[in-house]
Amino acid sequence: MAVFNSCTLSCFICLFAMTPASAVEEIDFQPSITFFQLPEGVTLGPVSGVGADDSGNVYLLQRQAPPVICFDRTGKFVRSFGDDLVDTGHGLAVDPEGNVWVTDTGHHLVFKFSPEGKLLLALGQSDKPGDDDNHFNKPTHTAFGANGDIFITDGYGNSRVVHVTADGKFVHAWGKAGAGPGEFNAPHAAIVDAKGRLLVCDRDNERIQIFDQEGQLLDTWTGYKPFGIAMDGDGTFFVCGNNQVSQLNANGKVVKSWGKEGVEPGQFKTPHLMTADKDGNLYIAEVSGRRLQMLKRVR
């Protein structure tokens, strides 16, 4: 596993502590770009999405075949799938039952796979973009309510959030293109927090908008350009973008940041989407870096 040398570690620490240590829990990570063990002869393309299940399995999504690759908690390759279905993968998320959801901006579809890679559900009309309750236009990500409902950021062609039931039935949608409250410019990723709030990365408006599950705007956080968002088991929020990863406090303010553009462990090249596992480790999908980086929780 790659570790920081003294110079890199000093730079890493200097990027931390934007507020006094007493104001936030002290969190540290050890970065690794070699944790995941690809099969011999396999290299990664642009890695756009990542999710983790409760057993510690990690699923990455890349923009070449095979689109979905699964690793176990030790980084060992387990399986791959989606070759004949996914065109241009964008986001991947794992629901509480361990099913793998993939958004496909090429086919304008949202796929639900079993953990073994069996297709369970496909939402939208293949190769037919639209903005009604049966179509998507370049959907970007999925988030999950406690009751099993799904919230889909329909984010590149449309500028909205679509709410569907666990079996894919349309409930409602909200949002339009713009910079006003409840409007979006590239809704790029989303999570549901422990309070049941939906946090949406309104990427090109450089903010996170927070909604209840009926689409009512509750709060807006600013100060960064969020590509991806994750929440660990303690309820701590993290965002990635602009070649950094940042920790947020409960009010959405950056309290710690680390990283810069580069290819070394702890550096990033287009960190796109991210997730946290139950142990508090972070996984960052890098598009330009063509890799999945692990930030292992050490404190």
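The values are calculated or read from the model by the stated rules, or taken from the named source; none is laboratory data. Values in this document were obtained by computation on a predicted structure and should not be read as measured data. Just the protein is used for accessible areas: all its heavy atoms, side chains included, with ligands, DNA and RNA removed. Shrake-Rupley method; radii C 1.70, N 1.55, O 1.52, S 1.80 Å.
If ligands, DNA and RNA are left out, what is the accessible area of residue 291 with a 1.4 Å probe, given in Å² to the nearest 10?
30 Å²
Could you report the accessible area of residue 79 in Å², rounded to 10, computed with a 1.4 Å probe on the protein chains as they sit in the structure?
70 Å²
Which three numbers, in whole Å and largest first, are the semi-axes of the equivalent ellipsoid of segment 239-299 derived from its Cα gyration tensor as √(5λ)?
18, 14, 10
I want the antiparallel fraction of DSSP beta bridges within the chain, as a percent rounded to 5.
So the antiparallel bridges in the chain amount to around 95 percent.
What is the Cα coordinate range of segment 214-261 on the first, second and third principal axes, sorted by size from largest, in whole angstrom?
38, 23, 15
Across every pair of different alpha-carbon atoms, what Kirkwood hydrodynamic radius in Å does segment 163-299 reach?
Answer for segment 163-299: a Kirkwood hydrodynamic radius of 15.5 Å.
Which value in deg cm²/dmol, rounded to the nearest 500, describes the helix-derived mean residue ellipticity at 222 nm for the chain, given -39,500 (n - 2.57) per DSSP H run of n ≥ 4 and division by the residue count?
-1000 deg cm²/dmol
Ordering 219, 154 from largest to smallest accessible area (1.4 angstrom probe), what's the sequence?
219, 154
If you count only protein heavy atoms with a 1.4 Å probe, what accessible area per residue comes out for the chain, rounded to a whole Å²?
Using a 1.4 Å probe on heavy atoms only, each residue of the chain averages 41 Å².
Could you go through segment 144-158 in sequence order and give the Karplus-derived ³J(HN,Hα) for each residue, using 6.51 cos²θ - 1.76 cosθ + 1.60 with θ = phi - 60°, rounded to whole Hz, and x for Gly and Pro?
10, x, 5, 8, x, 5, 10, 10, 10, 7, 9, x, 9, x, 9
Counting only the heavy atoms of the protein chains, how much of residue 77 is accessible to a 1.4 Å probe, in Å² to the nearest 10?
It works out to around 70 Å².
How many times 2.2 N^0.38 Å is the alpha carbon radius of gyration of the chain?
Ratio of Rg to 2.2 N^0.38 Å for the chain: 0.93.
If you wrap segment 80-163's Cα atoms in a convex hull and average its projection over all directions, what's the area in nm²?
The number I arrive at for segment 80-163 is 4.9 nm².
Just need log10 I(q)/I(0) for segment 102-206 at q = 0.10, 0.14, 0.16 Å⁻¹, Debye formula, equal scatterers on the alpha-carbon atoms, no solvent, rounded to two decimals.
-0.25, -0.49, -0.64
Percent of Cα-Cα pairs per 10 Å bin, from 0 to the last occupied bin, for segment 58-114, please list those.
25, 57, 17, 1
Could you work out the per residue convex hull volume over the alpha carbons of segment 179-233, in cubic angstrom?
Each residue corresponds to 72 Å³ of Cα convex hull volume.
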